[in-house]
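Since the structure comes first, as structure tokens, the remarks are kept for the end.
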Amino acid sequence: MIRVKIDVSIFDPIAEKYYTDTKKFRTRNFGAARAAEIYPHLREIALDSFKGVFDKNELEFLLQILSLLRDQRFVQSVPALEAAINDNIKFVDDEFKSNETAETIISKIKDLENWKVMIFTEFLSTYLSFQKTYKGKGKVSGNTKVKFDDYIKRLL
């Protein structure tokens, strides 16, 4: 087994409190290491559970909603994602403005658990990060642009 060393700065009050409390874990590093070890497994379980739940158009709609949010890392709960949809539907492309589209997606989201919503929206937001330009360096992925159809195959 190859040991991977990561160094991540987290700017989140909940995470900061969690990792600085040595009553939960014996050291700050131990708690962060545990989280880093566990997350890939939780992510795979969650993404497997989304197979076939949303179609391509619904995923495009959700990407547009997430792209309108100020903080595009992930949405923390079912009610927060529902609110994001309701607050931003007026700004999405005309093809998605039907209340029926939003209602269908919201009904599917209401069946989810909060932790799955976080992972789902993190997965979609990661796609958005591939499309952004950072500090004049061009696309994050260099000359290789991540194609939407290839990225969402994981969920279809």
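Summary of computed values
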{"read-out": "Among the residues listed as Thr22, Thr27, Thr101, the single one being among the hydroxyl-bearing types (Ser, Thr, Tyr), open to solvent by less than 80 Å² (accessible area, probe 1.4 Å) and more than 28 Å from Lys153 (Cα to Cα)", "value": "Thr27"}
{"read-out": "Helices (runs of 4 or more DSSP H) within the stretch 36-111 that include 2 or more residues out of contact with any Pro (no Cβ under 9 Å at 6 or more places or on another chain), of a type outside the set (Val, Ile, Thr) and farther than 19 Å from Tyr127 by Cβ", "value": "78-88, 99-110"}
{"read-out": "Lys147 being modelled with pLDDT under 90, more than 13 Å from the chain's Cα centre (by Cα) and basic (Lys, Arg)", "value": "yes"}
{"read-out": "Odd one out for Ala84, checked against (1) under 17 Å from the mean Cα position of the chain (by Cα); (2) open to solvent by 70 Å² or more (accessible area, probe 1.4 Å); (3) without any contact (Cβ under 8 Å) to a residue 40 or more places away in the chain", "value": "(2)"}
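The values are calculated or read from the model by the stated rules, or taken from the named source; none is laboratory data. Since the structure is predicted, the reported quantities are computational estimates derived from the model, not experimental observations. Virtual Cβ from ideal backbone geometry, glycine too; neighbours counted across all protein chains shown. Heads up: the accessible areas ignore ligands, DNA and RNA and are worked out on the full protein's heavy atoms, side chains in. Shrake-Rupley method; radii C 1.70, N 1.55, O 1.52, S 1.80 Å.
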